[in-house]
Every structure is written in C-alpha cells, then in structure tokens.
C-alpha cells in the first residue's frame, strides 16, 4: 500500500469500444455512496419480527422487539466481506466501475456503463478486473495488522473503521468531513501511519462507557415503547 501511484491517486487507463477510459481510485465519499446502496438493498430485519408478534403476550413481544432492535443496528454496518460480495454482483461491479471513471468522464451515465459492460468480450473482463483492483486502494486482510487504521477481524469479517479514521484525521490535521471525504484509502493510510499521533487512540473511560451503554439502553427502550404503541 506504499506505491507512489496509490499515494498520489494516479489514474489507470483502459480502452473499451475504441475509447480510452481513465479509472481513478475511489475516495471515502465514494465508499459512502456504495455503503448507502448496500444498506438500501438489505431487507428490513424488523419485517420478519413483526409477523411473529401477533398472538404473543406483551413480555414476549418486547423480547422480540428487543431482538429486532439489535438486528436493525447490526444491519447498518458494512464490512470488507460485504463490500467484496457486493462488488461481485453485476450491479456492484457496474457501479464501482462507473464511480471510478466519473471523475475524469463525468458525462458518462450509469446506464451507458451498464450497456458497455454487457458488450465487453468475456476474454477482456479479467483485464478490466485487474485494472480496477490495481487502483481501488482498499486494504486487504494482510494489511489489517496496522492498528492505526484497521480494527481486528471478527468471525472473518473485517470492519472498516470509517468513523475512527475521520475522528483521527480531524483531530490531527483539522480537516472537515468534506475534505476527508476526498481522500483515497491509500492516502488515509499515509496520513495516519506517518503521523506521530496516529497511535494515540483514545479509549472511553469507565464512566464514559457506562454513560454510552445507558444511552443505548434508553434508546432501545424508547424504540420498543413506540413499536408497542403502534401495535395497540
């Protein structure tokens, strides 16, 4: 992840249908757009729970709603595995390629890209995949040992700590969310690993941890009450 082309967000080029396309590394803002699409495509985990509430007692309903709350909270997170699976779908592959070329060719529509990829010969698809992988800049499993920018893997899913990155970059360099959003993954690694403050990861005090848990429990109970009122 220390190649000059990645650190400078250099473009990669590929000719398709006789036309040259410049592929640019994705920025944090691009990953935000991808995350929104992945989350929007997920079914609401509460829907299945609502169907089981009829005929249950109040205590059982509250227990089911509490589980639904946890499922809904977990569904708001996107891991590296989620990104990898989404990219392998036709929709994900198409949008990823479109996001990479729209910086240099903003006039190219998503529908045009979809049609172009359908016309792309099968034997050229590996070439396009290699070109996209060369500039995506997302850390793989071997690179997550860098404690400054990656959390530990859990059950095979590697969480991408977007919020932690943003907090550190803002604290160290004074950058706004808009400025941070224009950075690529490789550039985030550069700024965080080179900073003498990168390892100064702030942890919650016991009192802060208790206050956070209390707020979360309060929000959970408030949500359950609202759902119970709707059921009545």
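The values are calculated or read from the model by the stated rules, or taken from the named source; none is laboratory data. Here the structure is a predicted model, which means the values were calculated and not measured. Please note: Cβ atoms are built from the backbone with ideal geometry, for glycine as well, and neighbour counts cover all protein chains shown.
Can you tell me which condition residue 77 does not meet? The list is (1) assigned to a loop (DSSP other than H, G, I, E, B); (2) surrounded by 17 or more Cβ atoms within 10 Å (Cβ to Cβ), and all the others hold.
(2)
So residue 15 fits all but one of (1) at pLDDT 75 or above; (2) touching a helix residue (DSSP H, G or I) at 6+ places or on another chain (Cβ under 6 Å); (3) surrounded by fewer than 15 Cβ atoms within 10 Å (Cβ to Cβ); what number is the exception?
Unmet for residue 15, out of (1) at pLDDT 75 or above; (2) touching a helix residue (DSSP H, G or I) at 6+ places or on another chain (Cβ under 6 Å); (3) surrounded by fewer than 15 Cβ atoms within 10 Å (Cβ to Cβ): (2).
Part of a loop (DSSP other than H, G, I, E, B) and within 16 Å of the chain's Cα centre (by Cα), is that true of residue 107? Walk me through how you get there before you give the answer.
Details: part of a loop (DSSP other than H, G, I, E, B): yes; within 16 Å of the chain's Cα centre (by Cα): no.
Spelling it out, it is not the case that residue 107 is part of a loop (DSSP other than H, G, I, E, B) and within 16 Å of the chain's Cα centre (by Cα).
If you go through the stretch 37-60, how many residues are at pLDDT 80 or above and touching a helix residue (DSSP H, G or I) at 6+ places or on another chain (Cβ under 6 Å)?
Selection size over the stretch 37-60: 1.
Of all residues in the stretch 80-104 being surrounded by fewer than 16 Cβ atoms within 10 Å (Cβ to Cβ) and at pLDDT 85 or above, which is nearest to residue 33 (Cα to Cα)?
91
Quick check on residue 109: is it over 21 Å from residue 186 (Cα atoms), at pLDDT 90 or above and surrounded by 12 or more Cβ atoms within 10 Å (Cβ to Cβ)?
Judged against the criteria, residue 109 is not a match.
Please work out which one of (1) crowded, with 16+ Cβ neighbours inside 10 Å; (2) touching a strand residue (DSSP E or B) at 6+ places or on another chain (Cβ under 7 Å) is the condition residue 120 fails and give its number.
Going through (1) crowded, with 16+ Cβ neighbours inside 10 Å; (2) touching a strand residue (DSSP E or B) at 6+ places or on another chain (Cβ under 7 Å) one by one, residue 120 breaks only (1).
Look through the stretch 110-123, keep the residues that are touching a residue at least 24 places away in the same chain (Cβ under 8 Å) and assigned to a helix (DSSP H, G or I), and return whichever of them is farthest from the chain's Cα centre (by Cα). Working first, answer last.
Going residue by residue through the stretch 110-123, those that are touching a residue at least 24 places away in the same chain (Cβ under 8 Å) are 116-117, 119-120.
Next cut, assigned to a helix (DSSP H, G or I) only: 116-117, 119.
Details: 116: 26, 117: 24, 119: 29 Å.
That would be 119.
Within the stretch 39-54, work out how many residues are over 15 Å from residue 86 (Cβ atoms) and part of a helix (DSSP H, G or I).
Residues that pass the stated criteria total 9.
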